[in-house]
Amino acid sequence: MNQVVYIASPESQQIHAWQMDEQGALTLLQVVDVAGQVQPMIVSPDNAFLYVGARPDFRVIAFRIAQDGTLSEAGHAPLPGSPTHISTDRDGKFVFVGSYNDACVSVSPIGSDGVPQAPVQVVKDLAGCHSANIDAANQTLYVPALKQDRICLFSLAADGTLTPQSQPQVTTPEGAGPRHMTFHPNQQYAYCINELNSTVDVWQLHNAHGEMVCVQTLDMMPAGFSDTRWAADIHITPNGRHLYACDRTASVIAIFSVSDDGALLTLEGHQPTEQQPRGFNIDHTGRFLIATGQKSHHIQVYKISGEQGLLQPLARYAVGQGPMWVAIRPL
């Protein structure tokens, strides 16, 4: 499977598009200059658009993806705050944008032309809002509020309206700082990386009472680490066997194996990576991981190997300045 890897580099205001072959090698397709700092990105569910959050004039930009994976701008829409994280619902009808600085999550409908429109709802008072994560059923949106040590649960209506669920939130230990989430393929468990104490929580989404509960917390850092903890991103392989999480101070990727049912993580090791890995992603085959170095201005491609899911470095590539987001599309 050939794929296209998109890298957002906000310091140089660029998106680099790379074609990835079946061996994980990258070939540069295009460099897109954007008027503004390009940060969070997501490929639409139908693979036809790349949605990008931009600063300082807060907006979401829609890029149409051509057959060869190259981008052309299709339109844009305003946002109520500085975009920190962007996602869509499973049907590609709505864009969710979390804003850390502006303490909110917004809902923007996607027009018939594939371009997002102005927000129809803004949920406020989410201090340190760092991501918005929809479940596979397209019914529940999980929104971590880092500064409040909580994850808020919202029901998504057909018209895009968010309403708090009967269990409106769960809390983490004080000072943990929940940030990004990913889901096991069986949708019974979610995993949340905590930025401020560099731990990973395993959340059972529906216990016997239908509630979300934390069933495991693991330290993701190497033994003896004593510097400031500053975790960033988390992703799971499509088959649900391996989970990865990165820390920016240590410039490492923690490697976890996942139990068959998704309930238990085991720390398998650490992979040194590019300096200050703000973001990474896993390709659609589950064979490769691409990590950014916000301070090295390079990306590194790894092969995911063996039963433990250890990372084998394949190649590194120069990109724009301050790369921090990775989105991947099948070609």
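The values are calculated or read from the model by the stated rules, or taken from the named source; none is laboratory data. Since the structure is predicted, the reported quantities are computational estimates derived from the model, not experimental observations. So basically every Cβ, Gly included, is an ideal-geometry build from the backbone, and we count neighbours across all protein chains shown. Ligands, DNA and RNA are excluded from the accessible area calculation, which covers all protein heavy atoms including side chains. Shrake-Rupley method; radii C 1.70, N 1.55, O 1.52, S 1.80 Å.
Using a probe of 1.4 angstrom and keeping all protein chains present, the accessible surface of region 1-107 works out to 36 square angstrom per residue. Values (i) 43, 22, 17; (ii) 26, 26, 18; (iii) 40, 25, 17 are given for comparison; semi-axes √(5λ) of the Cα gyration tensor in Å, derived from the coordinates here, is the one labelled (ii). Highest mean packing first, where packing is the average number of other Cβ atoms within 10 Å per residue, the peptides 267-273, 153-159 line up as 267-273, 153-159. Distances between placed amide hydrogens fall under 5 Å for HIS76 paired with ALA62, all partners being 5 or more residues away or on another chain.
Counted by Cβ distance under 13 Å from GLN167, the other residues give a net charge of 0, where Lys and Arg count +1 and Asp and Glu count -1. Counting only Cβ charges, +1 for Lys and Arg and -1 for Asp and Glu, the dipole size of the chain around its Cα centre is about 380 debye.
Straightening the chain between CYS214 and GLN167 buys 15.5 nm, computed as 0.36 nm per residue apart minus the Cα-Cα spacing.
Compute the Cα gyration tensor for region 212-327, then decide on rounded, prolate or oblate, letting a ≥ b ≥ c be the square roots of its eigenvalues: rounded whenever a/c is under 1.5, prolate when a/b is larger than b/c in the other cases, and oblate in all that remain. It is oblate, given that a/c is not under 1.5 and a/b is not larger than b/c. Ranked by the mean number of other Cβ atoms within 10 Å of their residues, highest first, the peptides 204-217, 9-22 come out as 9-22, 204-217. Relative to the Cα centre, the charge distribution of region 191-241, modelled as +1 at Lys and Arg Cβ and -1 at Asp and Glu Cβ, gives a dipole magnitude of about 160 debye.
The phi torsions of region 223-239, fed into the Karplus equation with coefficients 6.51, -1.76 and 1.60 and a -60° offset, translate into couplings of 4, x, 5, 10, 7, 5, 7, 7, 6, 9, 10, 8, 8, 10, 5, x, 7 Hz, rounded to whole numbers, with Gly and Pro shown as x. Provide the net charge surrounding ALA74, with neighbours chosen by a C-beta distance below 14 Å and charges set as Lys +1, Arg +1, Asp -1, Glu -1. Local net charge: -1. Computed 3J(HN,Hα) for region 29-37, one whole-Hz value per residue from the Karplus formula 6.51 cos²θ - 1.76 cosθ + 1.60 where θ = phi - 60°, is 9, 6, 10, 9, 8, 10, 7, x, 7, glycine and proline marked x.
For a modelled paramagnetic label at GLN139, 7 Å from Cα along Cα-to-Cβ, the residues of region 172-216 in reach, with backbone nitrogen under 18 Å, are 183-190, 204-213. Going by amide H atoms built from the backbone, whose H comes under 5 Å of the H on ARG59, apart from near neighbours? Result for ARG59 returns ALA54, LEU79. When you count the other C-beta atoms within 10 angstrom of each residue and take the mean per peptide, 70-76, 321-327 line up highest first as 321-327, 70-76. On the beta carbon distance between GLN187 and HIS284, with R0 = 22 Å, the FRET formula returns roughly 0.75.
GNM remark for the chain: springs join alpha carbons under 10 Å apart, and the peak mean-square fluctuation among GLY92, GLY293, GLY53 falls on GLY92.
Less than 5 angstrom separates the built amide H of GLN37 from those of ARG55, all sequence-distant by 5 or more or on a different chain. Placing unit charges on the Cβ atoms of the charged side chains and taking the dipole of the chain about its Cα centre, the candidate lying farthest along the positive direction among GLN308, PRO222, ILE236 is PRO222. Solvent-accessible area of the chain (1.4 angstrom probe, protein heavy atoms only): carbon and sulfur portion equals 47 percent.
Counting only residues at least eight positions apart within a chain, or on another chain, the lysines with an alpha carbon under 24 Å from that of LYS124 are LYS93, LYS147. Karplus-based coupling profile of region 12-25, in residue order and whole Hz: 9, 6, 9, 10, 9, 10, 10, 8, 10, 8, 6, 9, x, 7, with θ = phi - 60° in 6.51 cos²θ - 1.76 cosθ + 1.60 and x standing for Gly or Pro. Neighbours of PRO109 by Cβ distance under 9 Å: Lys/Arg scored +1, Asp/Glu scored -1, total 0. If you take the beta carbon distance between GLN308 and ASP46 as r and set R0 to 51 Å, what does 1/(1 + (r/R0)^6) give as a FRET efficiency, to the nearest 0.05? Computed FRET efficiency for GLN308 and ASP46: 0.90. Exposure check, 1.4 Å probe, all protein chains in place: THR237 carries approximately 0 Å² of accessible surface.
Label-to-label distance, ALA66 versus GLN321, with points set 7 angstrom from Cα along the beta-carbon direction: 2.8 nm. For region 200-331, the per residue solvent-accessible surface stands at 39 Å², with DNA, RNA and ligands left out and a 1.4 Å probe.
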